[in-house]
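The values are calculated or read from the model by the stated rules, or taken from the named source; none is laboratory data. Worth saying up front: this structure is predicted, and the values here are computed from it rather than measured. Here Cβ is always computed from backbone atoms with ideal geometry, including for glycine, and neighbour counts include all displayed protein chains.
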Amino acid sequence: IASQLLPVVFSQLSDRVPFVFWAHSMGCWVAFELLMLMRKVGLPMPKMCAFNAFPPPTLPVASRPWRVNRQLSDKQMKDELLLWDEGHFGKDGRGKVVYDEPEWTNTWLPMMRADFRVFDEYEFRHEGAPKFDFPIVARHFEGEHFMKPEFVESWRDWTTGPFEFEILPGMGHLTCVYNPPTKKIYFAKVTESIKSFAGL
């Protein structure tokens with residue numbers, strides 16, 4: 001994903017306009033790999049990064065709390081998805097529509113399996129890589145099932161610059177984005193960090 005994304009955003013990353021990275025969930029690992037490629041080809045680094053709802057990719061495979069989806073039946077996959085955010089995918093959640101047939105079987109199940117494979121099969125290949133020197137802000141959501149605060153807080157190990165960690169109450173892995181009241185709080189928090197750390 002990162003190698004395909006770099007040519008798409010190259011002109012924006014190299015135009016000398018300051019920028020930040022704001023990543024959520026699996027996007028944190030995509031952003032991390034993109035940063036590694038950017039550093040390799042000499043592109044400027046962001047003024048700061050916000051990594052939310054996911055640990056750094058150095059989390060050992062044995063410590064990953066989710067089940068590998070290739071090994072799951074369709075029913076187990078449905079249950080696994082629900083665990084990521086019951087408030088979103090449960091009976092009263094906005095995301096419950098993904099379970100409606102035939103859309104679940106024809107669209108959402110194969111899409112979710114492909115999405116999950118990205119982090120299920122990810123291999124960390126940057127042992128010994130230097131830390132970044134820009135600020136990192138990491139946020140954990142209180143309603144998470146799989147993520148633990150200490151997982152997300154370990155982004156601290158990836159910067160020599162300022163680091164900020166916060167737990168946002170009353171929201172989960174996806175309700176923080178899809179529930180308007182919690183989205184407003186979450187987005188305001190990241191915007192505050194951008195203003196504070198990036199000076200933008």
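If you filter the range 37-56 down to residues that are among the charged types (D, E, K, R) and part of a helix (DSSP H, G or I), you find that the one that is surrounded by the most Cβ atoms within 10 Å (Cβ to Cβ) is 39. Evaluating residue 77 against the criteria (1) closer than 28 Å to residue 187 by Cα; (2) at pLDDT 95 or above leaves one unmet condition, (1). Only residues that are assigned to a helix (DSSP H, G or I) and either polar (S, T, N, Q) or more than 13 Å from residue 53 (Cα to Cα) (or both) were counted in the range 5-30, giving 10. Those residues that are within 20 Å of residue 144 (Cβ to Cβ) and outside any helix (DSSP H, G or I), I need them from the range 84-106; list them, please. Within the range 84-106, 85, 90, 91, 92, 93 meet the criteria. Residues in the range 89-122 that are within 20 Å of residue 1 (Cβ to Cβ) and touching an Asp or Glu at 6+ places or on another chain (Cβ under 7 Å): none. Between 81, 34, 109, the distinction of being under 17 Å from residue 174 (Cα atoms) and either more than 21 Å from the chain's Cα centre (by Cα) or part of a helix (DSSP H, G or I) (or both) belongs to 81 only. Check the range 57-66 and report whether any residue there is assigned to a loop (DSSP other than H, G, I, E, B), among the aromatic types (Phe, Trp, Tyr), surrounded by fewer than 17 Cβ atoms within 10 Å (Cβ to Cβ) and within 18 Å of the chain's Cα centre (by Cα). Among the residues of the range 57-66, at least one is assigned to a loop (DSSP other than H, G, I, E, B), among the aromatic types (Phe, Trp, Tyr), surrounded by fewer than 17 Cβ atoms within 10 Å (Cβ to Cβ) and within 18 Å of the chain's Cα centre (by Cα), which makes the answer yes.
Residue 18 meets each of the listed conditions (1) free of Cβ contacts under 8 Å to residues at least 60 places away in the same chain; (2) loosely packed, with under 13 Cβ neighbours inside 10 Å apart from (1).
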